[in-house]
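Novice: Got a structure here, written out as structure tokens. Questions coming.
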Amino acid sequence: MGSKRKMTVSNSGPLIHLAKIDKLILLKELFSEVIIPLQVKMEVVDAGKGDGMADAFLIESEIENGWIIIDGNITDLEDIVRNVGIDEGEAAAIVLARKMKKLILLDDLAARRFAIGLGLEVTGSIGVLFKCTKLKIISNRDALDCLDKLARIMWLSVDVYEDARKTIEEM
């Protein structure tokens, strides 16, 4: 699997969504390292643990295992947050991905549009399922099961869900 050595930058959404469906490991299968800015760690782990969210503890253990890496604190995000209408974690992840020239994992539509507008390569939780299915890391049946689980925990339009289902079935 030649693509495994890639690094990626992630916002909190894909980490949380994949952890909630017990598939965070798919990121480890695809990427040598997942880089997150401090703001994302604070959103996902610190706030999540404060709320008693099991996925926060799971993500924290993968940070401790060393393949999810915190890369400093991105500052001066107020203008982006205010003007683009995305949160600080998303803005920090986008700035970091742009600085590192890396693929970014984002699920939020406004953040995805902004990142694409900056010329970044973007994928999200469903894109991870596609890539894992294509590389035979998971079966089509497992990918469809994951898609159904994602649809229960994150907002997906009917069109996005149906298109994703069709794409997986045709792989």
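Every read-out reported here was derived from the displayed coordinates using simple, explicitly stated rules and does not represent laboratory data. Just so it is clear, the structure is predicted and the values come from calculations on it, not from any experiment. We place every Cβ from the backbone using ideal geometry, glycine too, and count neighbours over all the protein chains shown.
Novice: Given the C-alpha centroids of the range 52-113 and the range 4-24, what is the distance between them in whole angstrom?
Specialist: Their Cα centres are 11 Å away from one another.
Novice: Taking the Cα centre of the chain as origin, sum charge times position over the Cβ atoms of Lys and Arg (+1) and Asp and Glu (-1), and report the length of that vector in debye to the nearest 20.
Specialist: Rounded to the nearest 20 debye, it is 740 debye.
Novice: Determine the calculated [θ] at 222 nm for the chain from helices alone, applying -39500 (n - 2.57) to every DSSP H run no shorter than 4 residues and normalising by the residue count; nearest 500 deg cm²/dmol.
Specialist: It comes out at -16500 deg cm²/dmol, rounded to the nearest 500.
Novice: Once you've got the GNM for the chain with C-alpha springs shorter than 10 Å, pick whichever of 11, 140, 83 has the biggest mean-square fluctuation.
Specialist: Fluctuation is largest for 83.
Novice: Report the trypsin sites (Lys or Arg not before Pro) located in the range 54-103 that are in a DSSP loop and have at most 12 other Cβ atoms inside 10 Å of their Cβ, or state none.
Specialist: Here the trypsin sites (Lys or Arg not before Pro) that fit, given the DSSP loop and packing criteria, are 101.
Novice: Please name whichever of 39, 56, 8 sits farthest to the positive end of the charge dipole of the range 2-126, dipole taken about the Cα centre and charges placed at Cβ: Lys and Arg +1, Asp and Glu -1.
Specialist: Of the listed residues, the answer is 8.
Novice: Also, I was wondering about something else. Can you check what the net charge comes to around residue 94, using other residues whose Cβ is under 15 Å from the Cβ of residue 94 (Lys, Arg +1; Asp, Glu -1)?
Specialist: Taking every Cβ under 15 Å from that of residue 94, the sum is -4.
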